1. Within region 325-437, considering only helices (runs of 4 or more DSSP H) that don't extend past its boundaries, which have at least 3 residues that are in contact with a helix residue (DSSP H, G or I) (Cβ under 7 Å, 6 or more places away or on another chain) and open to solvent by less than 30 Å² (accessible area, probe 1.4 Å)?
2. State yes or no: is Ile301 among the β-branched types (Val, Ile, Thr), assigned to a loop (DSSP other than H, G, I, E, B) and either within 15 Å of the chain's Cα centre (by Cα) or more than 16 Å from ligand 2 (Cβ to nearest atom) (or both)?
3. Checking Met233 against (1) modelled with pLDDT of 95 or more; (2) more than 16 Å from ligand 1 (Cβ to nearest atom); (3) open to solvent by 30 Å² or more (accessible area, probe 1.4 Å), which single condition isn't satisfied?
4. Out of region 39-66, which residues are within 16 Å of ligand 2 (Cβ to nearest atom) and either open to solvent by 10 Å² or more (accessible area, probe 1.4 Å) or not assigned by TED's automatic domain parsing to the domain that holds Phe108 (or both)?
5. For region 265-281, name all the residues that are away from ligand 2 (no atom under 16 Å from the Cβ) and crowded, with 24+ Cβ neighbours inside 10 Å.
6. Taking the condition of being within 14 Å of ligand 1 (Cβ to nearest atom), touching a residue at least 24 places away in the same chain (Cβ under 8 Å) and not hydrophobic (A, V, I, L, M, F, W, C), how many residues in region 257-289 meet it?
7. Specify which of the listed residues (Arg366, Arg397) is touching a Pro at 6+ places or on another chain (Cβ under 7 Å) and basic (Lys, Arg).
8. Tally up the residues in region 67-126 that are within 21 Å of Pro222 (Cα to Cα), buried (at least 18 other Cβ atoms within 10 Å of the Cβ) and of a type in the set (D, E, K, R), please.
Amino acid sequence: MKPFFIYNTLSRTVEEFVPLKPGVVTLYSCGPTVYLPQHLGNMRTYLCTDTLKRALRLNGYQVRHVMNITDVGHMTSDQDAGEDKIEKTARAEGRSPREVADYYTQLFIRDLEMLRIERPTVPPGQFCRATDHIADMIALIQRILDRGYAYVVGSGVYFDVEKWRGPGAKGRLSRQSLEEQYSEQRLEHASDKRSKHDFALWVLNQPHHLMQWDSPWGRGYPGWHIECSAMSMKYLGETLDIHTGGLDHIPIHHENEIAQSESATGRPFVRYFVHYAFLVGMEGAKISKSSGKFPVLTDLIAAGIDPMAFRLFCLGAKYRSELAFSLDAVRAAQTNFEYFTEFARSMPPDACSAPDSGWTQSYFNRFIDSLNNDLNTPQALAVTLELIGESYRRKDRCVWSTLTKMDSVLGLGMEEIRRQAASQTLPTEIEALRAERDQARQKKDFRRSDELRRELQARGYEVKDTPSGTVLQPRR
Ligand code: AMP
Ligand code: ZN
């Protein structure tokens, strides 16, 4: 196994990744709050995790991955103030919170599928809904209370942040004081809280809240952060190898997850925290749900862009770099995607089953070295494109097994594209025109080859010239 390096927010350095248990990685990712569609920024975050998972698998690890769905408790501020996001949509749309959550969960899963993002593996293929794990959250809150790091007052059960952290200490992940951590939050807080920085584990006495459950402390609902601690530890154990999320989670959500989990268990919660930089709009404009207007995957499809172009667009940037979104930039990635699809569609079947030529090995080594160097996807992508270019140059198509191994990380579905094209038998007269055009091109009879191009186009085919001949694609 080659060493795999990744940037750990806890140490602020690129570290060699070594899992707790050899050969197995436990991975938890904060999932969506399902009250609006997921925007392309959110999808970038899930794509980053998908790539990390795939890269670890290429390195021979089994990845045990859990992702949650937040369907209760996430307030309109990341602290405890405001309204529950799901309930706000429910009231506005005249639906129940469950209907809202189900609807936006389905949209989220549809977008994941279109982007070929794999589902979590624990429980197999399932997302963990917060509302299905209320009993686990209650049990965890009780453990925190028993260890003296939480207290119960009229408005809820709160985590005692200063007691946990010690006076004046900085956050382990954010490296900020409490004042600095909360500097962007409006701290409207319940008057019976001991400190404005204490956060809710369980909220009580909010009769207008639609979703409520019984608990040892009274009827109420969980705070937002507790679900991730409860679900991750339930399925993956008390110490996780990797925890992922967007950069915005560093100062509050993940800092609070560490506090809750470690105060309950007395053990380290996460060994490697991996955070992704944001997708931004033109001139660095924020892409967020609260801004009201945000791009979603169906906007790209409506503009004639394939979801795989967005996947390639994201792979073209390092996960730690902010990425500027524009339709033109994604269109440019679509050209790359067409280069990939053309290669797959024009693969001669015999070259796919033949062993790869020896020269491909050095490309594969460079590919995996790029990924293992802090997930350098732009470099890995460049190596893949080079391999295709070299295959054309050498007129040697015995590269398929290397290319599909690379695609197990890039996730473009190259084998599916090839199979689909191979199973598409052209009508006899079209195949005859295609063959005639190839002959004309070989004889450098460009006038005839152009005539045949127009003929094929008139019959509903897109005509592409590739180094291995004319490739036809029926127009949709
Ligand atoms: P939310 O549904 O708001 O809880 O966000 C889901 C995930 O998307 C979280 O991991 C966020 O950190 C992440 N996220 C939110 N906005 C962006 C953005 N503009 N770019 C990348 N990731 C984002
Ligand atoms: Zn979380």
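The values are calculated or read from the model by the stated rules, or taken from the named source; none is laboratory data. Everything quoted here is computed from the prediction, not taken from an experiment. Note that we place each Cβ from the backbone using ideal geometry, even for glycine, and neighbour counts take in every protein chain shown. Accessible surface areas use protein heavy atoms only, side chains included; no ligands, DNA or RNA. Shrake-Rupley method; radii C 1.70, N 1.55, O 1.52, S 1.80 Å.
1. Fully inside region 325-437 and qualifying: 327-345, 360-372, 377-394, 400-410, 414-423.
2. Answer is no for this residue.
3. In the conditions (1) modelled with pLDDT of 95 or more; (2) more than 16 Å from ligand 1 (Cβ to nearest atom); (3) open to solvent by 30 Å² or more (accessible area, probe 1.4 Å), Met233 misses (3) alone.
4. Correct list: Asn42, Thr45, Tyr46, Cys48.
5. Once the filter is applied, which keeps residues that are away from ligand 2 (no atom under 16 Å from the Cβ) and crowded, with 24+ Cβ neighbours inside 10 Å, region 265-281 yields only Leu279.
6. Within region 257-289, residues that are within 14 Å of ligand 1 (Cβ to nearest atom), touching a residue at least 24 places away in the same chain (Cβ under 8 Å) and not hydrophobic (A, V, I, L, M, F, W, C) number 7.
7. Arg397
8. Counting residues in region 67-126 that are within 21 Å of Pro222 (Cα to Cα), buried (at least 18 other Cβ atoms within 10 Å of the Cβ) and of a type in the set (D, E, K, R) gives 6.
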